[in-house]
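Chemist: Below: one structure in structure tokens.
The values are calculated or read from the model by the stated rules, or taken from the named source; none is laboratory data. Source: prediction; values computed, not measured. A quick note on method: Cβ atoms are made from the backbone with ideal geometry, for glycine too, and the neighbour counts reach across all protein chains shown.
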Amino acid sequence: MISNTEPPVAQREPGTSLRITEIFCSLQGESQTVGWPTTFIRLTGCPLRCNYCDTEYAFRGGVAMSIEAIMDRVAGLGVQHVTVTGGEPLAQKPVLQLLAGLADAGYLVSLETSGALAIDGVDERVLVVMDLKTPASGEVDKNRYENIARLKGADEIKFVICNREDYEWACQCMVDHAIVDQCQVLMSPAFGQQDPAQLAQWILDDRLPVRFQLQLHKVLWGSEPGR
């Protein structure tokens, strides 16, 4: 049951704003909450330029919204699950206040982050879904591996796989950083680059302790923004 009671003033700092690209309701397409009706809050801006990025429209522009206005919009959409995404949401520091405020209001909150920025300061009640960028992404040097130790057991690391080399790199990364002992692991085929069935077979052949996932929203609606 969603509570619409106001979160504590200390969490809100009235007047604080974030630059928002869009807020919409759809089915969650990834992670352990896949399939749930979810409100997505997409923040504007990202310091990375991954070659498979499907949200380039969020790199710039957007509209400044107060945290109070964002909370009101979320309440109006009327679903329990909320995902804060981007762009790179952690590039805007007030997002930490938004995450805490959403959790205070009783929502089940997840954060989708690139792993290029520190996750310390994220409210413990928030499910963190963090990418580790593979070599073919073009941004592997941006990974902050120190973030791994900050993840909770229910949090998730996601590898987007573009080719066999990415897959082998991800397998070695899992060993080097003992990732499966720290949190859940997801592997996704890069849309239009890696054959999903082939990646699934690699995972089965190696008996990897990971969850294979497709992007459900793309299966349903393709690459349409806002879905």
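Chemist: Answer yes if at least one residue in segment 19-33 is more than 15 Å from the chain's Cα centre (by Cα), of a type in the set (Phe, Trp, Tyr) and closer than 27 Å to residue 154 by Cβ, and no otherwise.
Modeler: Yes, some residue in segment 19-33 is more than 15 Å from the chain's Cα centre (by Cα), of a type in the set (Phe, Trp, Tyr) and closer than 27 Å to residue 154 by Cβ.
Chemist: If residue 200 satisfies every condition in (1) closer than 29 Å to residue 92 by Cβ; (2) in contact with a strand residue (DSSP E or B) (Cβ under 8 Å, 6 or more places away or on another chain); (3) small (Gly, Ala, Ser) but one, which is the exception?
Modeler: (1)
Chemist: With respect to the numbered conditions (1) exposed (fewer than 14 other Cβ atoms within 10 Å of the Cβ); (2) at pLDDT below 95; (3) closer than 20 Å to residue 51 by Cα, which one is the sole condition not fulfilled by residue 220?
Modeler: Unmet for residue 220, out of (1) exposed (fewer than 14 other Cβ atoms within 10 Å of the Cβ); (2) at pLDDT below 95; (3) closer than 20 Å to residue 51 by Cα: (3).
Chemist: Hey, among 150, 211, which residue is among the basic types (Lys, Arg) and touching an Asp or Glu at 6+ places or on another chain (Cβ under 8 Å)?
Modeler: 150
Chemist: Next up: List the helices (runs of 4 or more DSSP H) that sit entirely inside segment 110-227 and contain at least 1 residues that are closer than 22 Å to residue 37 by Cα and hydroxyl-bearing (Ser, Thr, Tyr).
Modeler: Once the helices (runs of 4 or more DSSP H) in segment 110-227 are filtered for at least 1 residues that are closer than 22 Å to residue 37 by Cα and hydroxyl-bearing (Ser, Thr, Tyr), nothing remains.
Chemist: Within segment 85-126, count every residue that is touching a Phe, Trp or Tyr at 6+ places or on another chain (Cβ under 8 Å) and not hydroxyl-bearing (Ser, Thr, Tyr).
Modeler: Residues that pass the stated criteria total 1.
Chemist: Something else: Can you pull out every residue in segment 25-71 that is part of a strand (DSSP E or B), in contact with a Leu (Cβ under 9 Å, 6 or more places away or on another chain) and surrounded by fewer than 15 Cβ atoms within 10 Å (Cβ to Cβ)?
Modeler: Answer for segment 25-71, where residues must be part of a strand (DSSP E or B), in contact with a Leu (Cβ under 9 Å, 6 or more places away or on another chain) and surrounded by fewer than 15 Cβ atoms within 10 Å (Cβ to Cβ): 37, 64.
Chemist: For segment 18-58, what are the residues that are modelled with pLDDT of 95 or more and among the aromatic types (Phe, Trp, Tyr)?
Modeler: Answer for segment 18-58, where residues must be modelled with pLDDT of 95 or more and among the aromatic types (Phe, Trp, Tyr): 24, 40.
Chemist: Please specify each residue of segment 72-87 satisfying the condition of being closer than 20 Å to residue 133 by Cβ and surrounded by fewer than 23 Cβ atoms within 10 Å (Cβ to Cβ).
Modeler: Correct list: 85 only.
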